[in-house]
Structures are given as structure tokens and as C-alpha cells.
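The values are calculated or read from the model by the stated rules, or taken from the named source; none is laboratory data. Computed from a predicted structure; not experimentally measured. Positions of Cβ are generated from backbone atoms using ideal geometry, with glycine treated the same way; all protein chains shown enter the neighbour counts. Each accessible area value is taken on the protein alone, full model and side chains, heavy atoms only, with ligands, DNA and RNA left out. Shrake-Rupley method; radii C 1.70, N 1.55, O 1.52, S 1.80 Å.
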Amino acid sequence: MKKPVIVTAGATAVLLTIGLAVAAQAQRGATPPRTPAAQAASAYNGPRSPDGKPDLNGIWQVLSTAHWNLEAHSAIEGVPAGLSLVEGGTIPYQPWALAKRNENFQNRLTADPLRKCYMPGVPRATYLPFPFEITQTPKHIGIAYEFAHTTRTIFLDGTPHMEDLDFWIGDARGRWEGDTLVVDTVSLGDRTWFDQAGNFHSDALKVVERLTPIDASHINYEATLEDAKVFTRPWKMSMIIYRRLEKNLELLDYECAEHVYQKLFKRPAGKP
């Protein structure tokens, strides 16, 4: 017969202390332990395209706080609080680059390239607070973003990257590894940010994205970023992409150029 477990007053106090410590840690903004989505997900059993690949056709959207800040942050006016989406918690900047990021943050209301209506770049285009539409074929995947009519083509036909070019949205080549779409993107230039908080990169940035469908309505998204000019090592972000299921859903227009025109040329009332 098993002996009964006896909890003494001292043990109760220890357990209570541990519980209070965990609660206090959570209140200070520490990221609670969570099972990664990719590990928690079962094998994909959703719809497939005629060539047997997971069918990604449709309109999707990320619902995280990555657009405002990839790292953990408190709420401020117009910005919701969020946990870090970066593996390890923080982006591994070189010392000079961390100082530059902090400078960007102080000037973010005017310095963010998105406020000049530039295309968002990769991977930022994925997690803007706007939907995007995927059109999938055996040799190409097209992505149309609602923000400023931005488009992206991922070539699956085995052609090599073009050289010595500079694209806002990069030069993307994709391949399937089982049910995971792997996308290598280069030629991204140095004029885009990763978020509104000023996280940035140089023209040496290379991005490897992994899109792994969990089911018909969820994709586990991971992006590994490498830039030896700015970071001390490659680093990874991850989040979930959700399929939009509303009736009669379609991409609408976000004409960012009109906002820039108003800011630059519209005079306040009563002034010449």
C-alpha cells in the first residue's frame, strides 16, 4: 500500500512562496513558459492543392503585436502591450547597432519608413495589421498585401537569385520541405524596419521564412534573420498566421500615398 503524502505547514509555506514568486515574475512582464506552436500542433490534415501541397490560397492575417514591437513591451498610447516574439527574448544587436535602434525608437514617429509610405519589406509585410492574400501555383506563390498595393512573388521553379539588385520586398526563392514552405529572401536593401520600435537591418540582411500549416486555418510562421553587419548572430521570430473566414471577404485599399500628400501639402485651416 502506498503511503499517504503529508504536506506540512513548512512545505505549504514553501509552495506558497514559489507561487507568489511566479506570479510576481508574470506581473513584471516576464514571458511565461509556453509550448511552441510547432511542437503542440499535430500533422497537417487540411486541404491540398492539385499537386499535393498544403493549399494556402486565401486571405490571411497575423494578430500579434509584432507590428508595434517584436520584443516585449508595455502598453502606451496607441500601442498594445505584447510579449516578445523573438527567440530568447531580445534581438542580438552589436553594441553600435543597439544604440542606433534606441535612437530610431526616440524618432519613430517620423523616422519609421512606413510613415513615408515605403513598402514594408520582409518579414514586416507579413505581420502588419492588414490582411494579405496568397495565390498558389506549382511554380510560383503570389502574395498581395492590403498595405499600399504591395506585392511579392516567391519563385518555386528552381531559378537562382538575381544578383546585385535592391528590392524593397526582396528577391524570394521557395521550396517545399514536406508540408513546410521554406522561402529564402535576399536583396532587401537597408531602408526598411522590422517594426515601429526602430528595430532595423543593413543591406546584408538574409531572411529564411518557414510556413508550416497546422490545419486549414492556421500557419505556424518562423523567420530566421542573418545580418553580420548589425547582429552578433542569426536570430529567429515566430508567430501564428490566421485564415480570415468572413463572408464575402476581399482585400480593400489602403492608399498610403494619399496620407503622405495630405501631411506634406495640406495647409491648416486659416493659414495661407
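On segment 129-233, 53 percent of the accessible area sits on carbon and sulfur atoms, based on a 1.4 Å probe.
Report the charge-dipole magnitude of segment 98-226 in Debye, nearest 20, computed about the Cα centre from +1 at each Lys and Arg Cβ and -1 at each Asp and Glu Cβ.
Charge dipole, segment 98-226, about its Cα centre: 380 debye, nearest 20.
Looking at segment 133-237, the trypsin sites (Lys or Arg not before Pro) that sit in a DSSP loop and have at most 16 other Cβ atoms within 10 Å of their own Cβ are LYS139, ARG191, LYS229. What FRET efficiency do you get for THR232 and HIS140 if R0 is 41 Å and r is their Cβ-Cβ distance, rounded to the nearest 0.05? My answer for the efficiency is 0.70.
Of the GluC sites (Glu not before Pro) found in segment 107-176, the ones in coil according to DSSP and having at most 12 other Cβ atoms within 10 Å of their Cβ are GLU163. Note on segment 70-195: Rg/Rh from Cα positions, Kirkwood definition for Rh, rounded to two decimals, is 0.99. Please work out the FRET efficiency for the pair ILE240 and ALA99, using the Cβ-Cβ distance as r and a Förster radius of 45 Å; give the result to the nearest 0.05. My answer for the efficiency is 0.85. Estimated at 0.36 nm per residue, the fully extended path between MET162 and LEU83 surpasses their Cα-Cα distance by 24.8 nm. Structural size metrics of segment 95-143, computed from C-alpha coordinates, are Rg and Dmax of 15.5, 45 Å. Solvent exposure of segment 100-221, expressed per residue, is 42 Å² of accessible area, with all protein chains present and a 1.4 angstrom probe.
Protection proxy ranking for 194-204, 238-248, using the average of other Cβ atoms within 10 Å per residue and placing the highest first: 194-204, 238-248. Using 0.36 nm per residue and subtracting the Cα-Cα separation, the extra length available between ASN107 and LEU251 on full extension is 48.7 nm.
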